Amino acid sequence: QEEISIGALYLDAQGFYGGIKKGIEAGASDENLRLLGQNSQGDASREAQFASTLISSGVDAIIMSPVSATASVPVVRQAFEAGIPVICYNTCISDEFAKQYVAALVTTDQYKLGHDVGVVAGQYFVDKGVTAPRFGILNCDVYEACVERKAGFKAAVEELVPGVIWGADQAGFEPGKSTETATTMLTGDSEIVAMFATTDNGTVGAVQGIQASGREGKVVVFGNDMSAQLAQYLINSPDTLIATNGQQPQEMGRDSIKVALAAVRGETIENYLTTVPTELFLSANPDQVKAWLEAHADGIP
Amino acid sequence: MQQRLIEMRGISKAYPGVTALRNVDFELSRGEVRALLGKNGAGKSTLIKIMAGVETPDSGDIDVDGRKGALRSPAEGIKAGIATVHQELSIIPEMSVAENIFLGRWPRRAGSIDWNTLNAEAAAILAQLGFNIDPRVSASQISVAQRQLVEIARAISKGAKVLILDEPTSSLVTQEVEVLLAVIQRLSAAGVGIIYISHRMDEIRRIATSVTVLRDGTHIRTAPVDEVSNSDIVKLMLGDATTASSHRAPAGHVAGKAILSATNLAVLPRVTSASFEVRAGEVLGIAGVLGSGRTELLQALVGLRRPASGQMTLEGAAYAPKDLRAALAAGVFMTPEDRRHEGAVTMLGIDENLVMASWASVSKFGIIQSGKMNQTVNQSIAQLGVKLARPGEALANLSGGNQQKVVIGKALNAKPKVLLLDEPTRGVDVGAKGQIYALMRDLATQGLAVVFVSGELEEFPEVCDRVLILRDGQITGEVTGDDVRTQVLLDATMGERRPA
Amino acid sequence: MSSFLSGRANEVGLVVGIVVLYAFLAFMAPNFLTPANQLNILRDAAFVGIIAWGMTLVLISGEIDISVGPHVAFAGVVLAKLAASGVPLPMAVLLVLVLGAFIGTVAGFLRARFEVPSFIVTLSLWLALRGIAQVISNAVPIVIMDFDFQRFGSGALFGIPIPAIIMLVLFVVFTFIATRTVFGRSVYAVGGNAEAARLSGIPVAKVRTIVFAISGVLAALTGILMASRLGSGNSGAATGLEFDIIAAVVVGGTSLFGGRGTMLGTLLGVMFIGALVNGLVLMGVDPFAQGIVRGFVILAAVMINIISIRRVRSR
Amino acid sequence: MSSFLSGRANEVGLVVGIVVLYAFLAFMAPNFLTPANQLNILRDAAFVGIIAWGMTLVLISGEIDISVGPHVAFAGVVLAKLAASGVPLPMAVLLVLVLGAFIGTVAGFLRARFEVPSFIVTLSLWLALRGIAQVISNAVPIVIMDFDFQRFGSGALFGIPIPAIIMLVLFVVFTFIATRTVFGRSVYAVGGNAEAARLSGIPVAKVRTIVFAISGVLAALTGILMASRLGSGNSGAATGLEFDIIAAVVVGGTSLFGGRGTMLGTLLGVMFIGALVNGLVLMGVDPFAQGIVRGFVILAAVMINIISIRRVRSR
Ligand SMILES: Nc1ncnc2c1ncn2[C@@H]1O[C@H](COP(=O)(O)OP(=O)(O)OP(=O)(O)O)[C@@H](O)[C@H]1O
Ligand SMILES: Nc1ncnc2c1ncn2[C@@H]1O[C@H](COP(=O)(O)OP(=O)(O)OP(=O)(O)O)[C@@H](O)[C@H]1O
Ligand SMILES: [Mg+2]
Ligand SMILES: [Mg+2]
């Protein structure tokens, strides 16, 4: 029996995809699959190049996190036309095309990822009786998923605290840079009382920025994603990092492999959509955080 | 025997494609001034580079002041007591004169460079040598000739046992040469061994105690200087090749009418008001001391500098080229004095260098017509007598003299009416010099106006019909016919005696 | 014959390198030698190769252009934006090409006229062009609704991918330019010794400007092909492409110091790196480790090249 | 006095530029002039400045080092990995610094001994170091569990951020090296005319190697500070940092062609770009547009610098 080979495309090399990669690799080795991995580096043109290499080399299925809902359509279609099932995870091409060309989608609800933590943030200020909190945002708007997270967060907060003021909104998703941007934001705008960051690096940057600008205790952070470092903050700086909403990338990786294998074997895929649940972590609940740390001793989310 | 400073036996060195030295023996004693002679490419520079540790020989034994074995780096050479002024300028333009003099040997105090001592000592050395240069000024601000003086100061300041000078005077004129020759005599009296490379025979006669002649990488003869006459030396250098004697116009030759003229031309800062004319069919010399502004004057004639005031006419019409290309189109062209940096693209082929200024004539709609190009190139090579393996080979492979011929050939292919040659014979050997003079005369006979600038006054009598004296920013005089003699020109440029 | 070979030590070395690489990959990477995969390598190579022809001229002239990656993204976004605002596609393509030439011309002019080092001029463009593309598109891909147009980047003619055909045609054109035109030879002269070129009446400033203009047009063309392949203009496209291209050109034997280089060498360099990148994917090398392998292979290729040229010369 | 000024046309021009920029930002950007923000600029500047001292030497010697960004990420990851595997932090810091020097030495050696252009050597490192960092860390940040250590990057001494203090101390050290040591002057000599330096017995290869070793140590040091500031070693850190640094050094008047440059100029260049980046954020400029502004400002700064130096010289 011939070895089954699966192509996997990671969107970039942020921590989240480290988790995905681990999940996919674990899933592949469980099933004795040959895995050809690639990092698109957030660039649709690289993705197209790698995907067509995978297609021309005749892999049996491709698992990918498309860089773009639109720009990734042509390669997905190319794979479809070559008879290779494509499984989206985390991100996908736009619905209308996904229905045509994509075999299955394994994802987290990005809007919900922002929305859930937005509810926590709104409630936090309702409880404090603050009617017009001023927020600074560290976004990653170059990625479409991030735009959704931000939208979800804003909608949730606005519903609970209609007087909310959205202050500075800057790109902050690269380690180092996000800290610089957060620090500058906080020293420049003393009215900010809360930060929202759409990624793990952004969340780290927000916390570090608060420390660097000496605003501990005056500014709180709501984040997205989960990492060992964020877990540390939740435990050690519970008054700064209030909550973060994590995805479960390893789950997602394993699920993707499962779905891909089903597609290769020609089994009918019952659910086009597999939603991997998110996990909300609160500094008010350190036990949950510690449990997460134990389960992820190697630091990979 | 303990008088021997350097002893070299059976030295051979090959570069890709050429054997630069073949089994050469050489020795030098204390207090000796050895003239090292040979035409371009004979291997002189290679020999002294091996001595100084810059190059390693392929085979042979070296013994420097009792220390056996070849030197492996310039640093070792310096440590062994050898100071060298190399043929190529080795100045760091961004550093001060003082730093350049003490390059790599900056005086230190407590581990940190002592700038006061550095400047003071540099000033002392310059003063002692009689060079009028400010040690604090950046080396990029001083002229080529002054840079040469700085290099000489650098070598002498090392207090070495052996001083090697590779064509130190090629960019100097008379006054500085005098200073240098005096210094050499003083050092040799103090026991320093000196190796002196030059193509200027009169200098050699004045200071050398012995001569060594190389030809095509082999040692031809070493003898006390009194035992060989100038013509012997030339014969030894050239072998079978002979030099034509004079390239002056035959008696009765009449130059054509004025083709290019200038009135009260000012090319600041050096030239303030120059008036002269250049005639078709003549070889016109321009003589002047170092920095008198000869180069600047030529540059103004080809549009490389804008005159501050004054008029020029070309064939009767007003002439004010806005750049080199305009001058070229009008029929005026020049070859620059610094061949290596300005004259040629040495990594390209000989053929391309020959047509570089006249692409239009060998191309159509910007596309090269290889037939035409080959024809032009072959003609040039024949006319100039360039020695080469094939036209496509890199110009860098040719000797200095042959490279200079190609540079002149490039200018000729642009079909100028007026050809300006700035120091075309600098660093060129006797044989090639003769060929270049012959070429100039030939061109003049064909009706071109040839303007010849040289720092070596001895050259003018060889070929010039008329020589202009550039002094104090003006054309102060003109020497013609049989008056074109070295002594007359020397007096005129220095200002002791003005010609009528 | 031996002089022919020694004059082309660089190209011969590269051909040997490519043969060795192919033999290795044929053995190690499943499906590497299939026609489908070879055509795929060719298509990918086009996105490096087309600009590489221009970059070869840029480097030969003694300059560098690091703005090409962002320029590709910029051109794609502008094209898509024009198309989205109703400009007919052929017209939009033309406009983008002209704009590319214009941007290159400005860069070349700043270099030639004000003597700003080209690294700095193009670094500024590198920052600015990506920024403009992001502002125009809000960093969201702008879709180009034209399926005929998409065939440009992903279609094939007689089985050969169209970008590859364009690349090969341009290769012939640029080989001709570099070896048989006055402009091409002037590029070598300017890179070999700019002062001597100037004193020979070669319009140095013009040559420099044109070289950058060419690089700009080719970046715009690649941007158009990229937009066609992706079906959209993408401000995040072609990140790091400038380094891929420079690496390929230098691996191909062109000197970073000007004056030396050939189109054939660049073609071989492009194919070498293209095959390598493809092979690494097929071999299933850990994606994070691929950067390591590429770094070492580029270094080794350039080193072997330098050493072998020196060897042959010294014979 | 006037000769003092003309000898420092570059620095004087930069001071004027900084004053103008400060006046503009004080007016346009809220809270720009507050001490807290100024200290913040200083802290951020350190992450550019520390390496910039070494880069100044690299450029003066006529070379370039584009590997510093990935090297910073690499150093942080290695540090965190060592700490995570139980190596005491001070020991780990020392090891990372030694490793940084070693990597720089290897790069310098390849340049000096095999004449591989430094752009290529460091481009290879640029690819490889980021790849190694990703492989070591699986691209996941490795947390450093030591809150004392984190004070290094984010703490302050007498109110001044510690990275800024390190930067300023190193500024003094490097000014001394560049102007008062044989090594420093040799760097200028090698960059000004390498052949002349060799003929004067200056150990050119050694100078080149040391210059890269210094750059490596400083990149490692910055990586350590970055890891301290982030509380983790991060393979994605410091992307594009190499260009920020080169831009700052060149804006500071150092020549890309070697031989010319001063530490003071670099300090001013670092402060200029630091204030600009900070001001853009405070002014709330669209982040996508910030690249555009930076591109134009860098170009303008370098152009003004070149033109003003030429003016003063020709007087
Ligand atoms: N680095 C080199 N590479 C290749 N060939 C060289 C090199 N240096 C010298 N040669 C060749 O070696 C031969 C001897 O050159 P050398 O410079 O010693 O001559 P020279 O007697 O000093 O001539 P000149 O009077 O022109 O200075 C020439 O044919 C020259 O072209
Ligand atoms: N500081 C300088 N900056 C730029 N060019 C210079 C400088 N000093 C000299 N030059 C140019 O270098 C060339 C050679 O200068 P140098 O003083 O050696 O003149 P020369 O050729 O010996 O004498 P002449 O000016 O009479 O030709 C000239 O073109 C001169 O203008
Ligand atoms: Mg010589
Ligand atoms: Mg002159």
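The values are calculated or read from the model by the stated rules, or taken from the named source; none is laboratory data. Here the structure is a predicted model, which is why all the values come from computation and not from measurement. Heads up, the Cβs are rebuilt from the backbone with ideal geometry, glycines too, and the neighbour counts pull from every protein chain shown. Side chains are part of the model used for accessible areas, which takes the heavy atoms of the whole protein and leaves out ligands, DNA and RNA. Shrake-Rupley method; radii C 1.70, N 1.55, O 1.52, S 1.80 Å.
Over chain B, what is the mean sequence separation of C-alpha contacts under 8 Å (at least six apart), divided by residue count, expressed as relative contact order in percent?
So the answer I get is 15 percent.
Which of these, A:ARG134, A:ARG265, A:ARG215, has the largest mean-square fluctuation under a Gaussian network model of chain A (Cα springs below 10 Å)?
Among A:ARG134, A:ARG265, A:ARG215, the largest GNM mean-square fluctuation belongs to A:ARG265.
Taking 8 Å as the Cα distance limit and 6 or more residues as the minimum spacing, I'd like the relative contact order of the stretch C:2-134 as a percentage.
In percent, rounded to a whole number, it is 27.
Sort C:173-182, B:30-39, C:187-196, B:476-485 by the packing proxy (mean of other Cβ within 10 Å over each peptide's residues), most packed first. It would help to have the intermediate numbers written out before the result.
Working: C:173-182: 17.4, B:30-39: 23.0, C:187-196: 25.4, B:476-485: 15.6.
So the order, starting with the most tightly packed, is C:187-196, B:30-39, C:173-182, B:476-485.
Would you mind computing, in nm to one decimal, how far apart the modelled labels at D:VAL16 and B:ASP25 are, each placed 7 Å from Cα along Cα→Cβ?
Label-label distance for D:VAL16 and B:ASP25, simple model: 7.0 nm.
What gaps in nm, shortest first, separate C:ASP148 from its twins in the other copies when you place the label 7 Å past Cα toward the beta carbon?
7.4
By accessible area of protein heavy atoms, probe 1.4 Å, what ranking do B:HIS86, B:HIS341 get, highest first?
Working: B:HIS86 15, B:HIS341 100 Å².
Ranked list, largest accessible area first: B:HIS341, B:HIS86.
Mind giving me the FRET efficiency for B:ASP58 and C:VAL98? R0 is 41 Å, r the Cβ-Cβ distance, nearest 0.05 is fine.
Details: r = 59 Å, r/R0 = 1.43.
Calculated transfer efficiency: 0.10.
From other protein chains only, count the Cβ atoms within 10 Å of every residue's Cβ in C:296-302, then give the mean.
The shielding value for this peptide is 5.
List the lysines whose Cα lies under 19 Å from the Cα of B:LYS158, skipping any in the same chain that are fewer than 8 positions away.
Cα-Cα hits under 19 Å: B:LYS49, B:LYS79.
Once you have the alpha carbon radius of gyration of the stretch B:4-238, what is it after dividing by 2.2 N^0.38 Å, with N set to its residue count? Numbers along the way, then the final one.
Working: Rg = 17.7 Å, N = 235, 2.2 N^0.38 = 17.5 Å.
Its radius of gyration relative to the 2.2 N^0.38 Å reference: 1.01.
Return a whole-number percent for the relative contact order of chain D, with Cα pairs under 8 Å and 6 or more residues apart as the contact set.
36
Just checking the protein assembly as shown: which Cys have no other cysteine's beta-carbon under 4.7 Å?
Flagged as lacking a Cys partner: B:CYS464.
Please label the shape of the stretch D:1-87 as rounded, prolate or oblate, based on the square roots a ≥ b ≥ c of the eigenvalues of the alpha-carbon gyration tensor (a/c under 1.5 means rounded; beyond that, a/b larger than b/c means prolate, else oblate). Intermediate values should be presented prior to the final figure.
Values: a/c = 3.50, a/b = 1.45, b/c = 2.42.
Verdict is oblate for the stretch D:1-87.
Considering chain D as a Gaussian network with a 10 Å cut-off on Cα pairs, which listed residue, D:ARG185, D:ARG43, D:ARG260, attains the greatest mean-square fluctuation?
Maximum among the listed residues: D:ARG185.
Only helical DSSP H runs with n ≥ 4 go in: add -39500 (n - 2.57) per run for the protein assembly as shown, normalise by residue count and round the 222 nm mean residue ellipticity to 500 deg cm²/dmol.
Numbers: 55 runs with 790 residues, N = 1431.
Rounded to the nearest 500, the figure is -18000 deg cm²/dmol.
Label A:TRP166 and B:THR263 with points 7 Å out from Cα along Cα→Cβ: what is the distance between them in nm?
Label at A:TRP166, label at B:THR263, 7.9 nm between them.
Which distances, shortest first and in nm, link D:VAL19 to the matching position in the other copies, using label points set 7 Å out along Cα to C-beta?
Ordered by distance, the counterparts are at 6.9 nm.
With a length cut of 20 Å (Cα positions projected on each helix's long axis) and a Kyte-Doolittle mean of at least 0.5, go through chain D and give me the DSSP H helices that pass.
On the way: long enough: D:9-28 (28 Å, 2.03); D:35-60 (34 Å, 1.19); D:68-84 (24 Å, 1.57); D:89-114 (37 Å, 1.89); D:118-137 (28 Å, 1.55); D:162-180 (27 Å, 2.35); D:204-230 (39 Å, 1.57); D:263-282 (28 Å, 2.12); D:287-314 (41 Å, 1.13).
Span-like helices here: D:9-28, D:35-60, D:68-84, D:89-114, D:118-137, D:162-180, D:204-230, D:263-282, D:287-314.
Kindly sort B:THR295, A:THR131 by accessible area of their heavy atoms, largest first, with the probe set to 1.4 Å. Mind showing how you got there, number by number?
Working: B:THR295 25, A:THR131 105 Å².
Solvent-accessible surface, decreasing: A:THR131, B:THR295.
So who's got an amide H within less than 5 Å of the one on A:GLY37, skipping anything under 5 residues away but keeping other chains? H placed 1.01 Å off N, in plane.
Answer set, sorted by chain and number: A:ALA8.
Below 9 angstrom from the Cβ of C:TYR188, what's the summed charge of the other residues (Lys, Arg +1; Asp, Glu -1)?
Details: positive: C:ARG185, C:ARG260; negative: B:GLU352.
Overall, the nearby charge balance is +1.
Based on the alpha carbons, how large is the Rg to Rh ratio for the stretch B:371-500 when Rh follows Kirkwood?
Values: Rg = 16.7 Å, Rh = 16.2 Å.
A ratio of 1.04.
Multiplying the sequence separation of B:ALA110 and B:ASP202 by 0.36 nm and subtracting their Cα-Cα distance, what value in nm do you get? Write out the running numbers ahead of the final one.
Numbers: separation 92, 0.36 × 92 = 33.12 nm, distance 4.85 nm.
The span from B:ALA110 to B:ASP202 would gain 28.3 nm if fully extended.
Where a ≥ b ≥ c are the square roots of the eigenvalues of the C-alpha gyration tensor, would you call the stretch B:129-253 rounded, which needs a/c under 1.5, or, failing that, prolate if a/b is larger than b/c, or oblate? Walk me through the intermediate numbers first.
On the way: a/c = 2.33, a/b = 1.39, b/c = 1.67.
Oblate, because a/c is 1.5 or more while a/b does not exceed b/c.
Would you mind telling me which residue in C:GLU115, C:GLU242, C:GLU11 has the biggest mean-square fluctuation in a Gaussian network model of chain C, where springs connect alpha carbons within a distance under 10 angstrom?
Comparing C:GLU115, C:GLU242, C:GLU11 in a Gaussian network model of chain C, the most mobile one is C:GLU115.
Just checking the output field for D:66-76: average partner chain Cβ neighbours within 10 Å of each residue's Cβ? Let's see the in-between values first.
Details: counts 2, 1, 0, 1, 2, 0, 1, 2, 0, 0, 2.
The per-residue average across the peptide is 1.
Give the value in nm², to one decimal: projected area of the alpha carbon convex hull of chain B, averaged over all directions.
Numbers: hull surface 101.2 nm².
For the Cα atoms of chain B, the hull's average projected area reads 25.3 nm².
Compute the label-point distances linking C:VAL173 to its equivalents in the other copies; points lie 7 Å from Cα along Cα→Cβ; give nm, one decimal, shortest first.
Distances between equivalent label points, in nm: 5.5.
Using a 1.4 Å probe, how large is the accessible area of B:SER12, given in Å² and rounded to the nearest 10?
30
If each Cα of the protein assembly as shown is one equal point scatterer, what is log10 of I(q)/I(0) from the Debye formula at q = 0.06 Å⁻¹?
Debye output, listed in q order: -0.63.
For an R0 of 45 angstrom, estimate the FRET efficiency from the Cβ-Cβ distance between B:THR209 and D:PHE183 and round to the nearest 0.05.
On the way: r = 42 Å, r/R0 = 0.94.
Result of the calculation: an efficiency of 0.60.
What percentage of the solvent-accessible surface of chain B, computed with a 1.4 Å probe over protein heavy atoms, is contributed by carbon and sulfur atoms? List each step's numbers first, then the result.
Details: 9560 of 19900 Å².
The value for chain B is 48 percent carbon and sulfur by accessible area.
How far apart, in nm, are two points set 7 Å out from the Cα along the Cα-to-Cβ line at D:VAL285 and at A:GLU216?
About 3.4 nm, to one decimal.
Straight-line reach from B:LYS372: which aspartates and glutamates have Cα under 18 Å away, leaving out those fewer than 8 places along the same chain?
Result set, ordered by chain and number: B:ASP351, B:GLU352.
Per-residue Cβ counts within 10 Å, from other chains only, averaged over A:15-26: what number is that? The partial results should precede the final answer.
Details: counts 10, 2, 4, 8, 3, 1, 6, 2, 0, 0, 2, 0.
Averaged over the peptide's residues, the number is 3.
Mind ordering D:77-85, A:197-205, B:56-64 by average Cβ neighbours within 10 Å, highest first? Provide the component values of the computation, followed by the final result.
Working: D:77-85: 22.7, A:197-205: 31.1, B:56-64: 17.3.
Packing order, densest peptide first, comes out as A:197-205, D:77-85, B:56-64.
To the nearest 10 square angstrom, what accessible area does C:MET226 show with a 1.4 Å probe?
Its accessible surface works out to 20 Å², give or take rounding.
Check the straight Cα-Cα distances from A:LYS258 and name the lysines below 25 Å, setting aside those fewer than 8 residues away within the same chain.
The qualifying lysines are A:LYS21, A:LYS22, A:LYS99, A:LYS112.
Give the calculated FRET efficiency between D:PHE114 and B:ARG221 to the nearest 0.05, with a Förster radius of 51 Å applied to their Cβ-Cβ distance. Mind showing how you got there, number by number?
Numbers: r = 43 Å, r/R0 = 0.84.
That pair, D:PHE114 with B:ARG221, gives E of 0.75.
Probe 1.4 Å, all protein chains in place: accessible area of B:HIS247 in Å², nearest 10?
Surface open to solvent at B:HIS247 totals about 20 Å².
Let me know the charge dipole size of the stretch C:7-314 about its Cα centre in debye, to the nearest 20, where only the beta-carbon of Lys, Arg (+1) and Asp, Glu (-1) is charged. Each step should come with its number before you reach the end.
Numbers: 18 positive and 11 negative charges, 140 e Å.
The dipole of the stretch C:7-314 has a size of about 680 debye.
Amide H of B:GLY285 versus every other amide H placed in the peptide plane: which residues, excluding those fewer than 5 positions away on the same chain, fall under 5 Å?
Residues meeting the amide H criterion: B:PHE452, B:ASP465, B:ARG466, B:VAL467, B:LEU468.
Could you please put C:ILE136, C:ILE162, A:ILE63 in sequence from largest to smallest accessible area, using a 1.4 Å probe? The partial results should precede the final answer.
Working: C:ILE136 55, C:ILE162 30, A:ILE63 0 Å².
Listed by decreasing accessible area, they come as C:ILE136, C:ILE162, A:ILE63.
Are there chymotrypsin sites (Phe, Trp or Tyr not before Pro) in the stretch D:250-315 that DSSP marks as loop and that have at most 15 other Cβ atoms within 10 Å, and which are they? Mind dumping the intermediate values first?
On the way: sites: D:PHE257, D:PHE272, D:PHE288, D:PHE296; in loops: D:PHE257.
Hits after loop and neighbour filter: D:PHE257.
Run the numbers on the stretch C:211-257: which residues show a drop of 40 Å² or more in accessible area, chain on its own versus all protein chains together, using a 1.4 Å probe over heavy atoms?
C:ARG229, C:LEU230, C:THR239, C:PHE243, C:LEU256
Could you calculate the contour length gain from B:ASP491 to B:THR313, that is, 0.36 nm times the residue separation minus the distance between their Cα atoms, to one decimal place in nm? Could the numbers behind the result be given before it?
Working: separation 178, 0.36 × 178 = 64.08 nm, distance 3.07 nm.
Using 0.36 nm per residue and subtracting the Cα-Cα distance, I get 61.0 nm.
To two decimal places, what compactness ratio does chain C give when its Cα radius of gyration is scaled by 2.2 N^0.38 Å? Mind dumping the intermediate values first?
Values: Rg = 19.5 Å, N = 315, 2.2 N^0.38 = 19.6 Å.
My calculation over the Cα atoms of chain C gives 1.00.
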